[in-house]
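The values are calculated or read from the model by the stated rules, or taken from the named source; none is laboratory data. It should be emphasised that the depicted structure is a prediction, and the values quoted were computed from it without experimental measurement. Here the Cβ is made from the backbone with ideal geometry for all residues, glycine too, and neighbour counts use every protein chain on show. Side chains included, ligands, DNA and RNA excluded: accessible areas come from the protein's heavy atoms. Shrake-Rupley method; radii C 1.70, N 1.55, O 1.52, S 1.80 Å.
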Amino acid sequence: MKILVAVKRVIDYNVKVRVKGDNTGVELANVKMSMNPFDEIAIEEAVRLLEAGTASEVIAISLGEAKCTETIRTALAMGADRGIHVKTDEELQPLAVAKLMKAVCEKENPDMVIVGKQAIDDDCSQTGQMLAALMGWAQGTFASKVEVADGKAQVTREVDGGLETVSLSMPIVVTTDLRLNEPRYASLPNIMKAKKKQIDEYSPEDLGVDAAPRLKTLRVDAPPPRQGGGKVADVAELVDKLKNEAGVI
Amino acid sequence: MTVLVVAEHDNQEIKGATLNTVTAAIALGAGDVEILVAGENCQTAADGAAAISGVSKIRMVDNALYANALAEPFAALVVSLAGDYSHIVLSHTTHGKNVAPRVAALLDIVQVSDIMEVKSPDTFVRPIYAGNAMATVQASDEKLVITVRGTAFDKAELSGSAPIEATNASDDPGLSSFVGQELTRSERPELTSARIVVSGGRGMQSGDNFHLVEAVADRIGAGVGASRAAVDAGYVPNDYQVGQTGKIVAPELYMAIGISGAIQHLAGMKDSKVIVAINKDEEAPIFSVADYGLVGDLFEEMPALAAELDKQGIKPR
Ligand SMILES: Cc1cc2nc3c(=O)[nH]c(=O)nc-3n(C[C@H](O)[C@H](O)[C@H](O)COP(=O)(O)OP(=O)(O)OC[C@H]3O[C@@H](n4cnc5c(N)ncnc54)[C@H](O)[C@@H]3O)c2cc1C
Ligand SMILES: Cc1cc2nc3c(=O)[nH]c(=O)nc-3n(C[C@H](O)[C@H](O)[C@H](O)COP(=O)(O)OP(=O)(O)OC[C@H]3O[C@@H](n4cnc5c(N)ncnc54)[C@H](O)[C@@H]3O)c2cc1C
């Protein structure tokens, strides 16, 4: 079984983002970038399937600017076999990412694609489902457990009311939720080995995909600030304030 | 132009989030609003939808194929109906997030996720970076798929009486089947629609200690939530998680107990009207968003709070 895993380069989850003074976006200069945390979970899942002998090859793909190769190297250091970089400096929106990944799927014929359930920058939660639709495949979204047997995958999904299990015909797209696994840290020898692994590069033109954005960002604003910092001395004052000042109980 | 709202329901009752989504659909100002109720033996749910104010028609699809709202057949159904509509609107819940992108991709149109404000039929405000920035975005496509953040819109009233039109099922893509579910049963209000939410974090130390949270919650009629750390540690089920990657809540009162206030947690609750924090660390970031912060040990403060609520005669509303 061949697995393709998407790894997106995003602002590190510990960074407190700031809106730019001219309201065109958020400050990205000199900000720490990392692999989207859900994509670390995606790579981990694929590598575990590889180690278990269920998968035969794991390919990490990232789409975007030149520096995405760093994110691909991280995935290779975690255990992916090779990388694919779809290189563009243009803004990529989920539908375009899905179309580009479809073109790659048609070249590589994976049995499973694993992506994050959402990227923590744009929080769209669209890409995996869109790819599944374009391929005409089933989707196992927000997965907390994936088991493969006899051409089917049984996926346990985190849904609003609890957990749901579905049986899906392969090939499939899986989107990872937080509790699927705990990603490993790459060891130094594996980081060194990763430098020698192959990364193929394509442009959107090579793949014959029109990746132009169809959603225009008109402006970006900081959210209204919240006035916090109030303190109470004890539970009696707390209950009194909630009842008589805020009127919420 | 007509707008289609995809209702979420359990074949009996329409979920609260759909009421907020209808308000957003009406705010589009694009034209009539119709509701799709697809399920198995879903007449009662369709009747419920027909009572929502401001809706012109209910399209009911009653077929075993939609019993569990699997994304593959459900999206195929929505696509088969899409020709009649300018906007297809879903709630930004796990159901909406599962189905909407599939519909958008099959129609080759953009999806605008998690909108918090409608500026015009093609322009919306949506949060990015865990709500630390608000993007105003404009779509160029003729037809749009939208998911709606429920807490940003009021619930629609229930004084309508729209006609119900039976509608045909579409083909089964035959890709998926339902195996089972493990739903969390709770007598308490559902998190995203509760008027009050009390959440516990890693500071609770164990699942057993959550009875301290529940004791306070039950005295004020609150839903119970948790931080990711508490869910990961197995204190409570996954569907309790509040935050960027869990549930977004904006109740009248949110109480954070033994929660530090990480960006990802704040993203899920900072639009609450009143925020209370109980934490033993006075430097905890949660205090910077709290209206009423109480520095103290939760194992003393929570039982004392329950007793104080009794003493001051507070009852659930
Ligand atoms: C130079 C540049 C500037 C941009 N500027 C903006 C901006 O100002 N405002 C704005 O809203 N958007 C901007 N974008 C687009 C944005 O970064 C996202 O790529 C796009 O909106 C996808 O949304 P998402 O990541 O939230 O998708 P989701 O659907 O939430 O992503 C889910 C999963 O899909 C996969 N995935 C998604 N994208 C990629 C990718 N590129 N490579 C690998 N895997 C991927 C990952 O596995 C991810 O976990 C910019 C992109 C680029 C390249
Ligand atoms: C991709 C990603 C997504 C995430 N999504 C979410 C999300 O959706 N929701 C979420 O919540 N988190 C999320 N997180 C995790 C987040 O970063 C924090 O790790 C998490 O919120 C911490 O939970 P906590 O506040 O309960 O634990 P901690 O940060 O460990 O805080 C525990 C607090 O309890 C206090 N405490 C301890 N004992 C007591 C006592 N006896 N009395 C009073 N106070 C006490 C401590 O002072 C401390 O402030 C995400 C992280 C990542 C990387």
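Across segment A:193-209, what is the total count of residues that are among the charged types (D, E, K, R) and in contact (Cβ under 8 Å) with a residue 24 or more places away in the chain?
As a first pass, look at segment A:193-209 and keep what is among the charged types (D, E, K, R): A:193, A:195-197, A:200-201, A:205-206.
If we keep only those that are in contact (Cβ under 8 Å) with a residue 24 or more places away in the chain too, we end up with A:193, A:195, A:197, A:200-201.
Count: 5.
Filter segment B:275-296 for residues that are assigned to a loop (DSSP other than H, G, I, E, B) and closer than 13 Å to B:ILE259 by Cβ; which is nearest to ligand 1 (Cβ to nearest atom)? Write out each step before concluding.
First, the residues of segment B:275-296 that are assigned to a loop (DSSP other than H, G, I, E, B): B:280-284, B:289-291, B:296.
Right, trim to closer than 13 Å to B:ILE259 by Cβ and you get B:280-281, B:284, B:289-290.
Working: B:LYS280: 36, B:ASP281: 33, B:ALA284: 29, B:VAL289: 25, B:ALA290: 30 Å.
This residue is B:VAL289.
Which condition number in (1) at pLDDT 95 or above; (2) open to solvent by 10 Å² or more (accessible area, probe 1.4 Å); (3) in contact with a helix residue (DSSP H, G or I) (Cβ under 8 Å, 6 or more places away or on another chain); (4) not in a helix (DSSP H, G or I) is the one that A:LYS102 fails?
Just one mismatch for A:LYS102, condition (4).
So is B:VAL55 hydrophobic (A, V, I, L, M, F, W, C), in a strand (DSSP E or B) and touching a residue at least 24 places away in the same chain (Cβ under 8 Å) or not? Reasoning before the result, please.
Working: hydrophobic (A, V, I, L, M, F, W, C): yes; in a strand (DSSP E or B): no; touching a residue at least 24 places away in the same chain (Cβ under 8 Å): yes.
In short, no.
What number of residues in segment A:121-144 are open to solvent by 20 Å² or more (accessible area, probe 1.4 Å) and aliphatic (A, V, I, L, M)?
Here the count works out to 2.
Are there any pairs with C-beta distances below 8 angstrom linking a residue in segment B:200-220 that is touching a residue at least 60 places away in the same chain (Cβ under 8 Å) to a residue that is acidic (Asp, Glu), with the two at least 6 apart or on different chains, and if so which?
Sorted first by the residue in segment B:200-220, then by its partner, the pairs are B:ARG219/B:ASP310.
Suppose we keep only residues that are within 7 Å of another protein chain (Cβ to nearest Cβ) and in a loop (DSSP other than H, G, I, E, B) within segment B:93-114. Which one would you say is nearest to ligand 1 (Cβ to nearest atom)?
B:VAL110
Quick one: A:HIS85 ticks every box in (1) assigned to a helix (DSSP H, G or I); (2) more than 8 Å from chain B (Cβ to nearest Cβ) except a single one, so which number is it?
Only one criterion in (1) assigned to a helix (DSSP H, G or I); (2) more than 8 Å from chain B (Cβ to nearest Cβ) is unmet by A:HIS85, namely (1).
Being in contact (Cβ under 8 Å) with a residue 24 or more places away in the chain, at the interface with another protein chain (Cβ under 9 Å from one of its Cβ atoms) and open to solvent by less than 70 Å² (accessible area, probe 1.4 Å) narrows it down to one of A:ALA212, A:ALA236, A:ALA222, A:ALA246, so name that one.
On the way: A:ALA212 fails: at the interface with another protein chain (Cβ under 9 Å from one of its Cβ atoms); A:ALA236 fails: in contact (Cβ under 8 Å) with a residue 24 or more places away in the chain; A:ALA246 fails: in contact (Cβ under 8 Å) with a residue 24 or more places away in the chain.
Exactly one residue qualifies, and that residue is A:ALA222.
If you check B:ASP47, B:ASP84, B:ASP62, which single one turns out to be more than 9 Å from chain A (Cβ to nearest Cβ) and at pLDDT below 95? Lay out the reasoning, then the answer.
Values: B:ASP47 fails: at pLDDT below 95; B:ASP62 fails: at pLDDT below 95.
After ruling out the rest, the residue left standing is B:ASP84.
With the requirement that a residue be within 9 Å of ligand 1 (Cβ to nearest atom), of a type in the set (A, V, I, L, M, F, W, C) and under 30 Å from A:MET192 (Cα atoms), what does segment A:78-99 give you?
Matches in segment A:78-99: A:VAL86, A:VAL97.
When you go through B:ASP281, B:ASP239, B:ASP271, B:ASP218 one by one, which is the residue that is within 9 Å of ligand 2 (Cβ to nearest atom), of a type in the set (Asp, Glu) and open to solvent by 10 Å² or more (accessible area, probe 1.4 Å)? Lay out the reasoning, then the answer.
Numbers: B:ASP239 fails: within 9 Å of ligand 2 (Cβ to nearest atom); B:ASP271 fails: within 9 Å of ligand 2 (Cβ to nearest atom); B:ASP218 fails: within 9 Å of ligand 2 (Cβ to nearest atom).
Exactly one of B:ASP281, B:ASP239, B:ASP271, B:ASP218 is within 9 Å of ligand 2 (Cβ to nearest atom), of a type in the set (Asp, Glu) and open to solvent by 10 Å² or more (accessible area, probe 1.4 Å), namely B:ASP281.
One line per residue, one yes/no per condition, for (1) at positive phi; (2) under 17 Å from the mean Cα position of the chain (by Cα):
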site	(1), (2)
B:ARG195	no, yes
B:SER199	no, yes
B:VAL224	no, yes
B:ASP232	no, no
B:ASP239	no, yes
B:GLU252	no, yes
B:ALA256	no, no
B:GLY261	yes, no
B:GLY268	no, yes
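Just give me the residues in segment B:24-44 being open to solvent by less than 40 Å² (accessible area, probe 1.4 Å) and modelled with pLDDT of 95 or more, in sequence order.
Hits for segment B:24-44 are B:ALA24, B:ALA25, B:LEU28, B:VAL33, B:GLU34, B:ILE35, B:LEU36, B:VAL37, B:ALA38, B:GLY39, B:CYS42.
Which residue is nearest to ligand 2 (Cβ to nearest atom), if the candidates are limited to segment B:284-317 and must be open to solvent by less than 50 Å² (accessible area, probe 1.4 Å) and touching a residue at least 40 places away in the same chain (Cβ under 8 Å)?
Among residues in segment B:284-317 that are open to solvent by less than 50 Å² (accessible area, probe 1.4 Å) and touching a residue at least 40 places away in the same chain (Cβ under 8 Å), the one nearest to ligand 2 (Cβ to nearest atom) is B:LEU298.
In segment A:32-75, what count of residues is obtained for those that are within 16 Å of ligand 2 (Cβ to nearest atom), not charged (D, E, K, R) and not in a strand (DSSP E or B)?
Of segment A:32-75, the ones within 16 Å of ligand 2 (Cβ to nearest atom) are A:32-45, A:71, A:74.
Within this subset, residues satisfying the condition of being not charged (D, E, K, R) are A:33-38, A:41-43, A:71, A:74.
Imposing the further condition that a residue be not in a strand (DSSP E or B) reduces the set to A:36-38, A:41-43, A:71, A:74.
Here the count works out to 8.
Quick test for you: out of B:ALA306, B:ALA267, pick the one residue that is in contact with a Pro (Cβ under 9 Å, 6 or more places away or on another chain) and more than 7 Å from chain A (Cβ to nearest Cβ).
B:ALA267
Filter segment B:176-218 down to residues that are more than 16 Å from B:MET269 (Cβ to Cβ) and among the acidic types (Asp, Glu) and give me whichever is nearest to ligand 1 (Cβ to nearest atom).
Once the filter is applied, the top-ranked residue is B:GLU182.
Whether any residue in segment A:145-158 is at pLDDT below 95, among the small types (Gly, Ala, Ser) and either loosely packed, with under 15 Cβ neighbours inside 10 Å or not in a loop (DSSP other than H, G, I, E, B) (or both) is what I want to check.
Yes: one or more hits.
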